[in-house]
Amino acid sequence: MPTFVYMTRCDGCGHCVDICPSDIMHIDTTYRRAYNIEPNMCWECYSCVKACPQNAIDVRGYADFAPLGHSVRVDRDEEKGVIAWRIKFRNGEKDLNLLAPITTKPWGKFIPHLKDVPAPSSEQRDSQLLYNEPKYIRMDDGGLHTLETNGLTLQKGVQY
Amino acid sequence: MFASNPFADLAMTIPLNVIQGYVILMAILVVGGTVVDMIHKKSAKYFFAKAKAAEASRTRELGAGDKIGIAVSTVVVDVATSGEFCNPKRRISHLFTMYGFILFILTTVALVFAYPTHEAPAIVSQLWHLGAAMVMFGGYWFWFFIRVDVAAEGVPWYRIVKADMFILSLLGTTTFGLVWAILQAKGVAVWTTVFLALFIVVATVLFAGVMWSKFAHMFFKPAAAFNKRVIKADGSRENLPEPVDLSDPALQKRFPDIPEYMGKNPPNMGLGIKREAPSHY
């Protein structure tokens with residue numbers, strides 16, 4: 001679902017140009033407003049949609065996502081630490097509101113100081129485990145955790 | 001030098017009614033250009049069609065009092081202090097350029113029509129020079145450093161595209177105008193004529209090129225800013241999600257991820273992406 005810009009809302013600040021990993025958000029040479037130069041090459045990461053301070057960038061959903069003519073809008077509130085999506089169908093009746101956390105701690109205050117971490121030993125270097133892997137998969141805490149060890153069973157089919 | 005009326009000296013070589021006729025012609029070209037621009041781009045038609053389409057999404061009707069309040073805040077915040085810009089440098093640069101240009105235009109009209117003699121009040125002439133200098137300060141700052149093409153796109157300052165027509169003709173008008181006035185006051189005859197010619201050519205491009213430049217933004221931007229406030233007040237919000245209160249128990253019940261990962265009363269998380277200016281091209 002590639003993105004597009006409402007040029008009347010855009011103030012040409014350049015945040016989307018700066019953040020686009022595909023480098024396809026550019027500034028129009030006639031109106032100095034942002035636009036998606038190649039929607040086919042859009043990775044659909046929505047970084048531009050989330051970064052736009054003017055909410056001027058929108059998503060053009062595919063027909064299998066919602067019937068054409070719908071609106072997909074996002075409001076990423078950094079200070080509250082949440083992202084809200086609203087999908088409104090063209091009949092105006094089906095109106096989905098979604099909300100999810102995007103951070104659990106204040107931004108930029110809990111960046112790991114990796115340069116202060118001791119260098120890996122030769123044994124760690126030769127190991128197949130990645131950095132901090134035993135810790136993150138809780139190998140130190142009762143070995144490998146599986147569904148069975150946690151008393152869970154795999155359910156067949158798609159579960160919602 | 002800055003206290004003398006540059007148009008009084010000019011009136012000794014070019015008849016005053018020709019100078020006044022030129023200023024009137026430029027004003028007509030701006031009005032005409034804006035109207036033709038609106039018809040050609042169908043901007044007004046699109047604007048009202050969009051407002052009509054948003055009616056169905058309204059959650060409350062706005063009364064005349066609400067609309068007057070919105071109009072006042074649009075004028076005070078968005079128009080008078082360029083509140084729309086999220087980049088503070090750009091906002092300051094725009095304020096210099098905007099007020100400088102207003103001052104330049106008003107004092108030009110005053111010096112050409114009300115005081116076309118050497119006895120013009122010194123303050124009016126000084127404000128004419130100050131207006132030009134303000135436009136140049138804000139405009140050159142914008143052109144070399146703030147402009148998104150340079151700041152975020154990484155293109156060199158000397159690449160010129162159609163979008164630059166307005167800012168370049170504006171900077172040309174004030175720069176050549178100011179240089180012409182200074183040279184004329186110093187009595188450098190040949191260069192005075194050269195810079196007068198440049199001043200007239202660039203000013204004509206500025207005022208006659210409304211259809212192709214973004215000169216008309218000074219008319220449609222306030223309308224767009226007003227509409228932006230209206231959609232927030234009437235609840236239509238251009239289909240954007242509603243603002244939320246994360247500590248509201250009803251919201252936490254509906255979205256259990258919020259209290260589970262962020263706690264019952266989530267703190268202010270500060271700025272993330274917006275901590276840094278967009279300059280990582």
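Evaluate the range A:145-153: report whether one residue or more is assigned to a loop (DSSP other than H, G, I, E, B), of a type in the set (Asp, Glu) and within 30 Å of B:ARG58 (Cβ to Cβ). Checked the range A:145-153: no residue is assigned to a loop (DSSP other than H, G, I, E, B), of a type in the set (Asp, Glu) and within 30 Å of B:ARG58 (Cβ to Cβ).
Among the conditions (1) in contact with a helix residue (DSSP H, G or I) (Cβ under 7 Å, 6 or more places away or on another chain); (2) assigned to a loop (DSSP other than H, G, I, E, B); (3) at pLDDT below 90, the only one that B:VAL244 does not satisfy is (3). Note on the range B:243-266: among residues that are under 29 Å from A:CYS13 (Cβ atoms), within 7 Å of chain A (Cβ to nearest Cβ) and not β-branched (Val, Ile, Thr), the one that is surrounded by the fewest Cβ atoms within 10 Å (Cβ to Cβ) is B:PRO266.
Here A:PHE65 meets each of (1) over 30 Å from B:SER247 (Cα atoms); (2) assigned to a helix (DSSP H, G or I) with one exception, condition (2).
When the residues of the range A:98-151 are filtered to those that are modelled with pLDDT of 85 or more, among the charged types (D, E, K, R) and under 21 Å from B:TYR261 (Cβ atoms), the one that is surrounded by the fewest Cβ atoms within 10 Å (Cβ to Cβ) is A:LYS109.
Of the residues making up the range B:45-62, just one is surrounded by 15 or more Cβ atoms within 10 Å (Cβ to Cβ) and either aromatic (Phe, Trp, Tyr) or within 22 Å of the chain's Cα centre (by Cα) (or both), namely B:PHE47.
Residues checked against (1) within 14 Å of chain B (Cβ to nearest Cβ); (2) within 30 Å of A:VAL74 (Cα to Cα); (3) under 23 Å from the mean Cα position of the chain (by Cα):
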position	(1), (2), (3)
A:PRO106	yes, yes, yes
A:PRO112	no, yes, yes
A:LEU130	no, no, no
A:MET139	no, no, no
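Among the criteria (1) surrounded by 12 or more Cβ atoms within 10 Å (Cβ to Cβ); (2) outside the structural domain of B:GLU84 (by TED's automatic domain parsing); (3) in contact (Cβ under 8 Å) with a residue 12 or more places away in the chain; (4) not polar (S, T, N, Q), the one B:LEU271 does not fulfil is (3).
Screening A:THR30 with (1) touching a helix residue (DSSP H, G or I) at 6+ places or on another chain (Cβ under 9 Å); (2) within 30 Å of B:PRO267 (Cβ to Cβ); (3) assigned to a loop (DSSP other than H, G, I, E, B) gives one miss only, at (2). Helices (runs of 4 or more DSSP H) fully within the range B:56-166 that include at least 2 residues being within 20 Å of B:PRO222 (Cα to Cα): B:64-73, B:88-109.
The values are calculated or read from the model by the stated rules, or taken from the named source; none is laboratory data. No experiment lies behind these values; they were computed from the predicted model shown. Here the Cβ is made from the backbone with ideal geometry for all residues, glycine too, and neighbour counts use every protein chain on show.
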